[in-house]
Amino acid sequence: MTHPTRTGFGAHGTRSRGMVASFWLGVLLVLLAGCAQTRGLPATTAAAVAAGAEPVTESDEPEARKRARIRVELASGYFEQGQTTVALDEIKLALAADPNYAPAYTLRGLVYARLNELRLAEDSFKRAQLLSPRDPDVLHHYGLFACQQGRYPQAVELFQQALASPVYGGQAKTLMVKGICQVRAAQFDEAEGSLARSYELDPGNPITAYNLAALQFRRGEDAKAQFTIRRLNNSELANAETLWLGIKVEHRMGNAEAMAQLAQQLSRRYPDSREWASYQRRAFDE
């Protein structure tokens, strides 16, 4: 998997609007792993348990459902590879086999969202939720879509419903996108709580780490931001964005030596980056 962009918002909110499209595309690609539940099981176990029903396993999976599941697995692979037309064809075949298979509608929503067919994406997510109203995977992706459309209260409510599932294995990723959505809604206290909890559950996620550190820096919590961004910059997942944020944190805290070390890395590894150009201008407040 390619290394995704990590920027959900700038340290002072100035770069967020320019970066948001690439960030959300990165999130969609990363969080398609959420569909792993739909790939790996004949029906979403989390949804079945939440509904008080016995999960369907391979031994009692209807033939039509099995065909639909296999088609969705194929479609997921094509979607990850950027082959949206082929993915859509596989989804159509899945729904022809089983018109009530919720994961197919969830994935169709993701495909249409990528194609900027927003009405069709909305219809797909609504259909998935109608078929499987407690499925945390459906709720997560519909929430992500709603946030992209600026419908923040709806998005947060959908994320909350997903997180309420006692058997949901995607808590960290849902908390991450919930926190980023709350930042976009200017709910900074709530956002920090969501991102911090996501970071506790999955400290190795660079998207969570970057966005948490950026929010902490924005709020003047410099020691917290320093801890979070240093940990990320000391890993192999550091990039120009994380190094630049680290430089700004160290600059504000007056740590000239640490700032110089990060600047050296930024110059050596990303000499053509916007971040290096910003450093050369000493544009620490942009």
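The values are calculated or read from the model by the stated rules, or taken from the named source; none is laboratory data. Since the structure is predicted, the reported quantities are computational estimates derived from the model, not experimental observations. Don't worry about glycine lacking a Cβ; one is built from the backbone with ideal geometry, like all the others, and counts go over all protein chains shown. Only protein heavy atoms, including side chains, enter the accessible area calculation; ligands, DNA and RNA are left aside. Shrake-Rupley method; radii C 1.70, N 1.55, O 1.52, S 1.80 Å.
Stokes-Einstein at 4 °C, 1.567 mPa s, Kirkwood radius from Cα pairs: D for region 144-286 in µm² s⁻¹? Present the calculation step by step, with values, prior to reporting the outcome.
On the way: Rh = 15.9 Å.
Stokes-Einstein gives a translational diffusion coefficient of 81 µm²/s.
I'd like to check one number: the per residue accessible area of region 154-286, probe 1.4 Å, reported in Å² as a whole number. Display every interim value, and only then the final one.
Working: 5980 Å² over 133 residues.
Computed with neighbouring chains in place, this is 45 Å² per residue.
Suppose R0 equals 22 Å. What FRET efficiency, 1/(1 + (r/R0)^6) with r the Cβ-Cβ distance, do Phe227 and Glu190 give to the nearest 0.05?
0.55
Which lysines, on any chain, are close to Lys92 with Cα under 26 Å apart, when same-chain ones fewer than 8 places away are left out?
Partners found: Lys66, Lys126.
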